Each structure stands twice: as structure tokens, then as C-alpha cells.
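Derivation of every value follows stated rules applied to the coordinates shown; laboratory data play no part. All values derive from a computational prediction rather than experimental measurement. Cβ sites come from the backbone with ideal geometry, for glycine too, and all protein chains shown count toward neighbours.
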Amino acid sequence: MTPLPALFVVQRLVHLRAVDLAIIVFYFGLVLAIGFYLKRFAETGEDFFLAGREMTAWVAGLAFVSANLGSLELLGWAGNAYQYGIMAAHWYWVGAIPAMLFLGIVMMPFYYISKTHSVPGYLKLRYGSEASALSAVTFAVMTILMSGVNMYAMAVVMEVVLGWNLHFSIVVSSLTVGVYVAAGGLFSAIFNEVLQFFLIWFGALLIPILGLVETGGWSGMVARIHQNFPGRDFTHLWSPMHSFSSNPMGIHWTGIVFGLGAVQAMGYWTTDFLVVQRVLSAKDVRSAKLAPIIGSFFKMAVPLIVILPGLLGRAVLPFHLVPASEVQPGQFKYDDVLPLMLARYCGPGLLGLGITALVAGFMAGMAGNVSAFATVWTYDIYRPYLRRDAPDQHYVSMGRWCTMIGLFISIAAAYVVMRFASMMDYVQALFGFFIAPLFGTVLLGMLWKRVTRMAGFLGLLAGVFSSVTIFTLMKLDPERWVKVFALSPEAKGLAQDMYQALWSCVTCVLVTVLVTAVTKPRPDEELRGLVYALTEVPREEHASLFHKPLFWAVVALILFIVLQIIFW
Amino acid sequence: MSEKHHIIPVWFFVGVLLLVYGVMIFVSGLAAWNNPPPDVQLAELHAPVWWGALLIILGGTYCLLFRPGKA
């Protein structure tokens, strides 16, 4: 356990003026006002849990991409960009774009047509209650723990950056989130995610603009990095990955392509209900297909405000940042790079905007987690197993109550994480245990009608078990097991995660196929609207080219490929 | 955005946020025009003034286009 004083004796990075505080206070006032305004519209279950299924493709798409644009991600990935260079952009490009397009074109129609409220809800329709219950319970627990981690991370950042009291940050942020989500349900969460999207862009975009002005453009920045760190490559995406030892991440291109792109990203973007719920709120199938495609264009641009500031930090900061485990008084860690760059270029007013963007990101992260928790708890645990035939109003009340209860559990989780700091890494790792195998289960269920109820459940269970086993072995005896599972002793933490995801998904698929071969499939009539071969997916045959989701998916894919070539 | 509920579009709230922030940042940039903060790099570019102006234009446009009651 890390002693508390060691955790919190840190210097304040920035000092706020009155105008900065006014900007922060206005944000809190606005989100609360929006929450109270939206309360009157969240009357039925569909309103509260799925925002009435009436969001346009743009709103659903921005909320979809914003749900993954929390401050934990921003600070962490800017830090990773400082540490690993532009290779960190893989998590925004190959680790997101193909999966988002796949969700929009292939998977979204099934989620939407089946009229499910959630991913566990789809599993219940497709496989029955075993796989659904396993997925729902693990998702509910993980979501609420993640909300606590978000809360704690925000409080620490506010203390480090602004010198705010840790307990004050936790109480104010959680109460605000609790009030506006309990009032307006998914309506509130989505509205605030859209606001957060604009705040983050306008709060952070000045850093790369002014950074590039200072360094004299991209080539000037690269020259400065080479001057500051001779002999190290931080500005190429794919070329340093021909071997494990030729890049700072210790990863081979197979880990990025298969582990990240084909499994982990697919798992996260297509089966993590936190993001899928945003798309389920779309008003029709076409909007539901378009939303992730719209999101993919913005996702492709996010490295501009996350990765580029990390790289600029290498070029312009007059001191070197260090890993969190090695930080000494007077030093800064990798994850401080974004606030440091913000403080470098932003004076009063702009600083308040940047800090508000970080606060908004943390609060949207909490709101996303608790709204997804409320939906899965109410529809996938409470309704099927505890109270089956209650009126709709009862489930809405349950949703409001468990939003608040979920937040109180999150606060408890935040204080547990505060006492045991290493738990934060483990909670984040726990999420990874379920996502990769779940992708195997959902995808096989959608594409192969032969897969049976028991095969779905056992495949998912085996995938989760293999993921936990691989993770534990690599942590307990890294010298022995990292080279076995991650294919090289050079593989660092992120590389190990990729291979862990890959093997757990492969295990899930193998077990599912084997069990399917020896069990009896469900009749076709029961699977209509749930699997590819038995579902009439609406096509946009009469829509013009510019209104077809497939056209925009192809445009996004071409842009994605061009970016890979430019930064190869 | 909403056909069932007639909710004020989220874009209007985005407009209000950008407009208010734009005014605050623009005014603070003007106030610091002759006396920019010494610890901020490139302060001579007066980023708060033109960034604030950009937010005012965008926020104002959103407020106008998506104001409540506009069909």
C-alpha cells in the first residue's frame, strides 16, 4: 500500500484566476440546469434508459465518441505519447476506426432491430439467460468500479493541478453527476457528452496550434525531438515495429494488428455497452449505422489534441518527464504532460477553459458509467431475476434510484482506490478480461446461426478464464510467461495487454465452435432478427450516395489508410 | 433533434456555452493586452483575444440557428 502523504505531496501545476473559476462555475451551473430541464422528458423506460430512441445520427455519433474521450484517457494517452511517441496514435486509429466502421455497417443493425436495451439484453435474446447474466453482472460491477476510478483520478488531478482538496472534488463532482443523470437519464448523459466534446476540442486545440508555432511546424518539432533525444524514434507509426526491440513499447506489428485492431478494439467498440448505448439511442436504423461512422471521423482527429501535445512536450519542455513510479519532488510524470502544456500556452481564461474541459471529461466519464450501470442493472438483472412484471414507471424509478446508489458505491470505490493505489491498474485490467471474449461471443452469435446456447455461455466463460489466467501468470512470473504469451521478453505492459486480448478471444471462439459441434442448435424461427442469415437488414437502396452509411464508411477507411501512409 | 418531445436542441446549449466562454475569454484577453502573463509562452500572439472571438462567432451562430421556438 502506498502511504497517503507520498501520494499527495506534489506541487501545484497551475494557478487559477477569477475568470478561470467563473468559467468552471458556469459549467457546473449549466449542466445542472440542463439536467433539471430534461427531467420532464425522461418519463418512460425508453426515455430514461435510451433517451427516447430519438437522437439524430450526429448527436448519437458525438456522444458515442465522447463517451471514450474522458479525461483519464486524455491525460493517460498524452502521457503515453510522451513516453512512446506517435505509436500511441495506434489506439486512436487502427485501435478504433476499423472497429467503429464494423459496428456501424455490420453489427448495429442487429442491436437495433432486436430492440434490445443493452448488450447483455442481446445475449439474452440470442443465447439465453446464462451468457446474459454473466455479462450483465460483470459489466455492472466493472462499470461502477470504473466510475470510482474516474472519480478518484479526477480528484487527484484536481489536487495536483489546482491544489484542490481531494474530498471536495469527489463530493462536488459526484453530486453534480448524480443529480443530472438521475433527473434526465440518458438524455442528460448524452447532452453533457456533446457539451464535453466541444469543451475538450476548444479547450485543448490551442496547445498543438501554439506548439507548432513555437517549434516552426511538424518538421521543426521532429528536429527538436531528435536534438533532445538523439538516436530515438518517436515520430514513426509502423516502421519501428518490425521487431519487439526496435520500439519503446516493445511490441511487434502483429500485436497491434491482431491484438489491438482485430480483437481488443473490436471488443471495446462493438460490445462495451457504455459506448454502444449511445448509438442505441439513435432515432432509426440509418442513424444508428451512421452514428459510429460520424464518430470515426472525429476519432481520427483526436490525436491532434492528445498525441501531438505529448510529442510537443518532448520538443519544447525544458526538463524530462519520468514514469510515475520514479517521480521525485520537483519532477513531473508522463501523465502531467497535458496540464504542463496547457499551463505553458494558456493564460487566464484559456486556462479555465482547459481545466473545465478536463473536469467535464471526468464528469462525463462518471455519468456514462452510472447511466450504463443503471440500464444494465434495471433491465438485465433486476427485471428478469428480481421483479419481472412491474409497470414501466417502477423501472424508471429503479433507474433513478440505482443511479444515486451506483454513485455512492462509486464514491466508496474511489476511497478504496485511494487507500490501495495499485488497485487502479487492476480495476482497469479487470475490464479487459471481459471485453475481448465478449466480442467473440457476440460476433459468432450474430454471424453463425448454428451457435448454441451452451456454446455461447461456455465460450464466454472460457475466454474470461483464459484472460484472467494469462494476466495472472504474466504478473506473477513475468520472466517466464511474458515471452510465452506476448511472444517476446521485450514486451511491455501495453504489448502484453494486446496478446492477452488476442489469446482470450481465440480461446472463446475455439470453445464456442467445439461446444456448438456437440450441442443442438435453436430452431430458425427463434433466431429471426438476431443472426445475419435470418434477418432482413434494411438497405438504403433509394437514398442518394451521400446519404448512404456505406459511402461514408468507405471515405473514413480511405482517410484512415492515408494517415497510416503519411506517418508510416 | 426530438420529434416526440420537442426538446430544445443540444446545439443551442452548445451555443450558449461557447458564447459565454467566448465573451469571458475575449474580455480577459483584452484586459491583459498590455500586460500579458509573464510565464505564458507566445503571449505576444494574444491567443485569448482571437480564440475568444472565434468562440463568440461560433456560439452566437449556434444560438441563432438553434434557438428555442425556431422550427
Compute the relative contact order of chain A as a whole-number percentage, counting only Cα pairs closer than 8 Å that sit 6 or more residues apart in sequence. 29 percent
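Using helices alone, I'd like the mean residue ellipticity at 222 nm for chain A: each DSSP H run of four-plus residues gives -39500 (n - 2.57), total over residue count, nearest 500.
Details: 24 runs with 382 residues, N = 568.
Value at 222 nm, helices only: -22500 deg cm²/dmol.
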For the stretch A:393-408, Karplus-derived ³J(HN,Hα) couplings (6.51, -1.76, 1.60; θ = phi - 60°; whole Hz; x for glycine and proline) come out as 4, 4, 6, 5, 4, 4, x, 5, 5, 6, 5, 5, 4, x, 5, 5
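Quote to one decimal, in nm, the extra length available between A:Gln328 and A:Tyr415 on full extension: 0.36 nm per residue of separation minus the C-alpha distance between them. Write down the numbers at each step before the final one.
Working: separation 87, 0.36 × 87 = 31.32 nm, distance 2.45 nm.
That works out to 28.9 nm of additional length.
For the residues B:Trp33, A:Trp164, what sequence is obtained by ranking on other C-beta atoms within 10 Å, fewest first? Each step should come with its number before you reach the end.
Details: B:Trp33 10, A:Trp164 17.
With the sparsest Cβ surroundings first, the list reads B:Trp33, A:Trp164.
Mind sorting A:Arg419, A:Arg528, A:Arg53 by how few other Cβ atoms lie within 10 Å of their own Cβ, fewest first?
A:Arg419, A:Arg528, A:Arg53
A:Asn228 to A:His167: extension gain in nm, 0.36 nm per residue of separation minus the Cα-Cα distance? Let's see the in-between values first.
Details: separation 61, 0.36 × 61 = 21.96 nm, distance 3.97 nm.
Full extension from A:Asn228 to A:His167 adds 18.0 nm.
Work out the P(r) tail for the stretch A:197-327: percent of alpha carbon pairs separated by more than 24 Å, whole number. Provide the component values of the computation, followed by the final result.
Details: 4228 of 8515 pairs.
Everything past 24 Å amounts to 50 percent.
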Residue separation times 0.36 nm, minus the C-alpha to C-alpha distance between A:Ile561 and A:Arg528: what's the value? 8.3 nm
Gyration tensor over alpha-carbon atoms, the stretch B:10-65, equivalent ellipsoid semi-axes in Å: 26, 8, 8
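To the nearest 0.05, what FRET efficiency results for B:Ile57 and A:Thr472 with a Förster distance of 45 Å applied to their C-beta separation?
In this case the efficiency is close to 0.25.
Would you work out the relative contact order for the stretch B:10-65, in percent, from Cα pairs under 8 angstrom that are 6 or more residues apart? Walk me through the numbers before you get to the answer.
On the way: 70 pairs, mean separation 33.4, N = 56.
Relative contact order for the stretch B:10-65 comes out at 60 percent.
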Computed FRET value (nearest 0.05) for A:Leu212 with A:Leu386, which takes r as the C-beta separation and R₀ as 45 Å: 0.20
Kindly list the residues of the stretch A:325-367 that lie in the label zone of B:Trp33, defined by a backbone N under 16 Å from the point 7 Å along the Cα-to-C-beta vector. none
Please arrange A:Ile294, B:Ile25, A:Ile24 by how many other C-beta atoms lie within 10 Å of their C-beta, fewest to most. A:Ile24, A:Ile294, B:Ile25
Per q in 0.08, 0.11, 0.16 Å⁻¹, report the Debye log10 I(q)/I(0) for the stretch A:10-157, using one uniform scatterer on each alpha carbon and no solvent. -0.36, -0.68, -1.35
Amide H proximity to A:Lys333 below 5 Å, modelled H, separation 5+ or other chain, gives A:Val322
When the distances between all Cα atoms of the protein assembly as shown are binned every 10 Å from zero, what whole-number percent does each bin get? 3, 16, 27, 29, 18, 6, 1, 0
Explain nothing, just compute: Karplus ³J(HN,Hα) = 6.51 cos²θ - 1.76 cosθ + 1.60, θ = phi - 60°, for every residue of the stretch A:208-215 in order, whole Hz, x for Gly and Pro. x, 4, 5, x, 5, 4, 5, 8
